[in-house]
Amino acid sequence: MASTTDLRIVKTLEAIHGSFEELASKQALESITVAELCRQARIGKKTFYRHYPALENLAQEYLDVFLGSFLDKTEGLNLPENNEQFVAELILHLCDEGNQNPVYECLVCGTSSESISSTLIARLTELQRINTRKFGRLSAAEISLVLMFSCNTALTLYRQWVKEGKHLSAKRLAELSKSLVSGEASLRK
């Protein structure tokens, strides 16, 4: 078996990733096919499937990197006490990463909010960044709903921002999100 430092494997993975990123910059996630990706990467389907069981696994790899970098960046934030800041930071991360690599925008806008939110909540729980005692008398089901609300709020605002052509700055979008989540009466600048 070849090692991951085998030049053939490295070049194949680079071709897969490069092709996926190029396709994701031009079209929606759900319209990308393994056949199209393989043609673009100049590899056979068997080669692709040797590395990934399905296209969704490749997409998940990108989402894992995206969520991992977000969690690293927000290491000091705990929920629920930093909920407003968490939502604002998630929006800024979505904007920054989506502008740097179009595959992130394609993935976030093409993957269900529930799937991304569930993964993020699971990772936050693993890292013990969710302090259930601070939620007061809420049941586990209620805490889950509150966390899902926070994650989906950020994702929904980001998706709408992309859909409308990104006319606001990322900073203003984050400010609006903080106001909305906190329930501030005024949304004025």
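The values are calculated or read from the model by the stated rules, or taken from the named source; none is laboratory data. Remember, it's a predicted structure, so these values are computed and weren't measured experimentally. FYI the Cβ positions are ideal-geometry reconstructions off the backbone, even for glycines, and counts take in every protein chain you see. Just so you know, the surface numbers come from the protein's heavy atoms only, side chains and all, with ligands and any DNA or RNA stripped out. Shrake-Rupley method; radii C 1.70, N 1.55, O 1.52, S 1.80 Å.
One table, with the values for the structure above:
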{"read-out": "Extended-chain gain in nm, criterion 0.36 nm per residue less alpha-carbon gap, residue 114 and residue 13", "value": "33.5 nm"}
{"read-out": "Cα coordinate range in the range 82-158, projected on the principal axes (Å, largest first)", "value": "41, 22, 21"}
{"read-out": "Distance from the range 84-109 to the range 148-182 (C-alpha centre basis), Å", "value": "10 Å"}
{"read-out": "Among 118-124, 149-155, 130-136, the order from most to least packed when residues are scored by Cβ within 10 Å on average", "value": "149-155, 118-124, 130-136"}
{"read-out": "Solvent-accessible heavy-atom area per residue, rounded to whole Å², over the range 1-110 at 1.4 Å", "value": "52 Å²"}
{"read-out": "Protection-proxy order for peptides 162-171, 21-30, each taking the mean of Cβ atoms within 10 Å per residue, highest first", "value": "21-30, 162-171"}
{"read-out": "Distant alpha-carbon pairs in the range 55-189 (separation over 17 angstrom), percent", "value": "58 percent"}
{"read-out": "Karplus (6.51, -1.76, 1.60) ³J(HN,Hα), θ = phi - 60°, over the range 124-133, in Hz, Gly and Pro reported as x", "value": "4, 5, 4, 7, 6, 8, 9, 9, 5, 5"}
{"read-out": "Backbone HN-Hα couplings from phi across the range 56-64 [Karplus 6.51/-1.76/1.60, Hz, Gly and Pro as x]", "value": "4, 5, 5, 4, 4, 4, 5, 5, 4"}
{"read-out": "³J(HN,Hα), Karplus 6.51/-1.76/1.60, whole Hz, each residue of the range 104-116, x for Gly, Pro", "value": "5, 4, 4, 5, 5, 7, x, 10, 4, 4, 4, 5, 5"}
{"read-out": "Net +/- balance of residues flanking residue 45 in space, Cβ distance below 14 Å, scoring K and R +1, D and E -1", "value": "+3"}
{"read-out": "Equivalent ellipsoid semi-axes - Cα gyration tensor, the range 1-130, angstrom", "value": "31, 16, 12"}
{"read-out": "Label-to-label distance, nm, for residues given as residue 142 and residue 127 (7 Å Cα→Cβ offset)", "value": "2.7 nm"}
